[in-house]
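These notes are about the structure you will find just below.
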Amino acid sequence: MNKPQKQLVLNLLAYVAQRDVSVEHLCKQTGIDLTRLKGEDPVEFKPKQLEKLWSTASQFTEDPLLGLHFGEAMQLAALGIVGEIIKSSRTVGEALQQAASLCYLVTDLFHLEIHPSPKYFSIRFIPHPLADKSSFAFRQTMDFFMVFMLHELDGLLLKKINPSAVYIPHSSGHPKEYERVLRCAPQQKANEYSMMVDHSYWEEPILTANYEIQTFLLQKVSEERQKKTQSASFRSKIYEHLMSNSYLELASLEQVAANFNMSSRNLQRKLKNEGVSYQQLADKVRKSLSLYYLESGNYQIKEISYLLGYNELSAFTRAFKRWTGDTPGNYASKKTYSKNA
């Protein structure tokens with residue numbers, strides 16, 4: 001999915017233009033075709049290209065906290081139909097739930113989980129399993145979305161939302177500025193991007209609430225999604241489902257079948273009609289995830305084996321060797337050596 005990525009890049013360029021940065025020069029330095037970017041066709045961005053865009057934009061603006069300040073400045077209107085749906089929500093709680101359900105239209109970097117409770121509600125940003133969490137671009141983008149999530153309703157409420165706690169997995173480096181923008185001193189917590197907000201904000205009314213407009217816009221989104229779903233092959237739907245729900249562990253055949261409201265046998269039969277088996281798709285996902293986990297250096301091999309659904313480490317080792325011709329340990333060692341070389 002590159003449409004959200006393209007929109008985010010355009011919004012970032014619009015922001016740095018207001019900081020007196022030449023967009024043409026920035027695109028030239030980062031290898032981005034500005035003419036094509038302005039057009040309607042999809043644009044693919046390589047990870048190295050996005051990394052260079054963020055680092056160069058940060059350098060040109062002389063702002064090491066570019067993502068933080070970009071999120072503070074961006075308006076809901078920049079999200080198009082998603083922004084309008086959020087603005088037309090009845091309450092803060094409803095707006096957050098809409099944002100979570102429509103997150104896929106804005107970014108493929110993470111998905112949102114909203115958990116209300118009697119005292120607080122939490123907003124969790126769950127990164128995509130294949131996201132390079134160590135990159136400069138990832139950190140800036142996550143800073144951007146966390147801040148934007150907090151500031152998106154500014155001016156649409158009679159209260160200012162102040163979180164009770166904010167968790168990020170890294171040391172901020174600029175604690176006072178993070179505290180100013182996030183309205184709370186962030187705490188460091190491994191593998192966690194989240195906010196805790198007092199439950200009193202949940203029912204806070206939004207001044208621009210409009211049920212009729214929201215219903216119309218949600219219908220448009222539903223129609224577009226249905227068109228896309230109907231045009232996609234069944235095998236691609238299963239693959240995308242496995243990838244997007246693999247942040248805890250790989251779903252079983254029975255779990256996937258239940259999600260698609262069919263029996264395991266019917267799911268396997270539909271895949272067979274498209275020339276592929278469930279096992280082949282699951283192995284493809286396992287291979288992609290195993291390479292990512294090993295290259296990240298953040299997971300033990302035994303932990304990766306468990307996350308991918310293997311009961312025995314030896315079974316994972318055999319599968320990995322079948323995919324790559326190497327053992328997980330050797331592969332990880334080579335990647336560590338190449339990073340340090």
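The values are calculated or read from the model by the stated rules, or taken from the named source; none is laboratory data. Given the structure is predicted, the values throughout are model-derived calculations rather than measurements. Neighbour counts are summed over all protein chains in view; Cβ atoms, including those assigned to glycine, are modelled from backbone coordinates with ideal geometry.
Remarks
- Some residue of segment 94-101 being among the charged types (D, E, K, R), closer than 19 Å to residue 16 by Cβ and in a helix (DSSP H, G or I): no
- Members of segment 59-74 that are in a helix (DSSP H, G or I) and over 15 Å from residue 17 (Cβ atoms): 59, 67, 68, 71, 72
- Against the conditions (1) over 21 Å from the mean Cα position of the chain (by Cα); (2) of a type in the set (S, T, N, Q); (3) surrounded by 13 or more Cβ atoms within 10 Å (Cβ to Cβ), residue 244 satisfies every one except (1).
- Residue in segment 75-82 that is of a type in the set (Gly, Ala, Ser) and assigned to a helix (DSSP H, G or I) present: yes
- Restricting attention to segment 99-137, the residues that are over 14 Å from residue 244 (Cβ atoms) and surrounded by fewer than 19 Cβ atoms within 10 Å (Cβ to Cβ) total 14.
- Within segment 264-291, the set of residues being within 16 Å of residue 245 (Cα to Cα) and not small (Gly, Ala, Ser) comprises 278, 281, 283, 284, 285, 286, 287, 289.
- Beta carbons closer than 8 Å, at least 6 apart along the sequence or on distinct chains, pair a first residue in segment 149-175 that is farther than 14 Å from residue 121 by Cβ and assigned by TED's automatic domain parsing to the domain that holds residue 88 with a second that is among the small types (Gly, Ala, Ser) and assigned to a strand (DSSP E or B) for 167/194.
- Those helices (runs of 4 or more DSSP H) lying entirely in segment 164-249 with at least 1 residues in contact with a strand residue (DSSP E or B) (Cβ under 9 Å, 6 or more places away or on another chain): 175-182, 234-244
- Residues in segment 53-71 that are more than 15 Å from residue 172 (Cβ to Cβ) and either in contact with a His (Cβ under 8 Å, 6 or more places away or on another chain) or not hydroxyl-bearing (Ser, Thr, Tyr) (or both): 53, 54, 57, 59, 60, 62, 70.
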